[in-house]
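Engineer: Starting off with a structure, shown below.
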Amino acid sequence: MWRHVTFGATLLLVACQSSQESQSKVPVPDSSAYPTRASYLEEWRQIADSLTVERQRVILQNLLSAAEREGWAGAVRYCHAAAETLTFYKGEKIYFQRVALRNRNPKNALADSLDEAAYKRFAETKSKESFIVEVGNGTLRYYRPIYIPMVQCLKCHGKPQDLDGPALAEIRKRYPKDKAVDFAQGDLRGMWKAEIRP
């Protein structure tokens, strides 16, 4: 148990650092150290949860701070400048990113039928639990849902009557192909996706 706690704490420290050098130093569990395949998969699920939960927390905190300082248009500018860095991670054995059916950044589109199936699963079940599937050649795929957590998110992602005017102008300027509006609080906004390679 303490190995899991120490390992998770190390991951959180690494995840908070922003340089490319630190991002390549995420510890990788050795599959031979686990008594079952299920326990190895669960360790990877916990690793990915730690990384994505921390990134989501930082993004939300920074967005709210930017909105407080510069209004919701400032939050959009912050998101455009920094969110891609915070929502994409590439290490030696793992990479992750946010993906969505109705994306704001085209780089975050669902990429394949597995992404589509995971998105449909979360949309239908409203589950908040992450999961991992094996996709072949030892590669694992991780998904964790992102739901609209608070009413403030609707200033940039809501229905027409909820959207902040200056924020919408920034969105149209910076994301001309935006599809990430018309949500309600609690709706599935997208997913964290990680690819874990042997």
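Engineer: So, R0 is 25 Å and r is the distance between the beta-carbons of Lys90 and Gln161; what FRET efficiency does that work out to, to 0.05? Numbers along the way, then the final one.
Structural biologist: Numbers: r = 39 Å, r/R0 = 1.57.
Efficiency, rounded to the nearest 0.05: 0.05.
Engineer: Right, here's the next one. Once phi is turned into θ = phi - 60°, what whole-Hz ³J(HN,Hα) does the Karplus curve with 6.51, -1.76 and 1.60 give for every residue of segment 128-143, x standing for Gly and Pro?
Structural biologist: 9, 8, 6, 8, 10, 10, 8, 10, x, 6, x, 7, 10, 10, 10, 9
Engineer: Can I ask one more? Place a point 7 Å from Cα of Arg57 in the direction of its Cβ. Which residues in segment 92-107 have their backbone N less than 13 Å from it?
Structural biologist: No residue qualifies, since no backbone N sits under 13 Å from the label point.
Engineer: Can you compute the FRET efficiency between Val151 and Glu116 using 1/(1 + (r/R0)^6), with r the Cβ-Cβ distance and R0 = 25 Å? Round to the nearest 0.05. Before the final figure, lay out each step's value.
Structural biologist: Numbers: r = 29 Å, r/R0 = 1.15.
Rounded to the nearest 0.05, the efficiency is 0.30.
Engineer: Oh, and also: Determine, for Arg45, Arg197, the number of other Cβ atoms within 10 Å of each Cβ, and report the residues in order from fewest to most.
Structural biologist: Details: Arg45 19, Arg197 13.
Ranked by crowding around the Cβ, least crowded first: Arg197, Arg45.
Engineer: If you don't mind, another one. Within 10 Å, Cβ to Cβ, of Trp192, how many net charges do the neighbouring residues add up to if Lys/Arg are +1 and Asp/Glu are -1?
Structural biologist: Values: positive: Arg55, Arg98, Arg144, Lys193; negative: Asp49.
In short, +3.
Engineer: 5 Å is the cut-off here: which amide hydrogens, built 1.01 Å from N in the peptide plane, fall below it relative to Asp178, excluding neighbours closer than 5 in sequence?
Structural biologist: none
Engineer: Can you list which of the GluC sites (Glu not before Pro) found in segment 113-194 are DSSP loop residues with at most 14 other C-beta atoms within 10 Å? Present the calculation step by step, with values, prior to reporting the outcome.
Structural biologist: Numbers: sites: Glu116, Glu124, Glu129, Glu134, Glu170; in loops: Glu129.
Here the GluC sites (Glu not before Pro) that fit, given the DSSP loop and packing criteria, are Glu129.
Engineer: How much FRET efficiency would the formula 1/(1 + (r/R0)^6) give for Glu195 and Arg69, where r is the Cβ-Cβ distance and R0 is 22 Å, rounded to 0.05? List each step's numbers first, then the result.
Structural biologist: Numbers: r = 36 Å, r/R0 = 1.61.
Efficiency at R0 = 22 Å is approximately 0.05.
Engineer: Would you mind ranking Tyr95, Tyr119 so that the residue whose beta carbon has the fewest other beta carbons within 10 Å leads the list?
Structural biologist: Details: Tyr95 15, Tyr119 20.
Ascending Cβ contact count within 10 Å gives the list Tyr95, Tyr119.
Engineer: Still on this model: Sorting Thr87, Thr36, Thr125 on the 10 Å Cβ count, fewest up front, what's the list? Show your work: numbers first, answer last.
Structural biologist: Details: Thr87 22, Thr36 8, Thr125 11.
Lowest count first: Thr36, Thr125, Thr87.
Engineer: Further, regarding this structure: From the helices alone, meaning DSSP H stretches of at least four residues, give me the mean residue ellipticity at 222 nm for the chain, per-run term -39500 (n - 2.57), in deg cm²/dmol to the nearest 500.
Structural biologist: Details: 7 runs with 92 residues, N = 198.
Result for the chain, helices only: -15000 deg cm²/dmol.
Engineer: Nearest 20 debye, what's the magnitude of the dipole of segment 2-196 about its Cα centre given +1 on Lys and Arg Cβ and -1 on Asp and Glu Cβ? Spell out each step's value before the answer.
Structural biologist: Details: 29 positive and 23 negative charges, 75 e Å.
In debye, rounded to 20, segment 2-196 gives about 360.
Engineer: Convert each backbone phi in segment 78-94 into a coupling constant with the Karplus relation 6.51 cos²θ - 1.76 cosθ + 1.60 (shift: θ = phi - 60°), then list the ³J(HN,Hα) values in order as whole Hz, x for Gly and Pro.
Structural biologist: Those phi angles translate into 4, 4, 4, 7, 10, 4, 4, 5, 7, 9, 10, 9, 9, x, 5, 10, 9 Hz.
Engineer: Using Cα-Cα distances under 8 Å and only pairs 6 or more residues apart, what relative contact order does segment 42-160 have, in percent? Provide the component values of the computation, followed by the final result.
Structural biologist: Numbers: 80 pairs, mean separation 21.6, N = 119.
It comes to 18 percent, rounded to a whole number.
Just so you know, all these numbers are worked out from the coordinates, no wet-lab data involved. From a predicted model like this one, the values you see are computed outputs, not experimental measurements. Note that each Cβ is placed from the backbone with ideal geometry, even for glycine, and that neighbours are counted across all protein chains shown.
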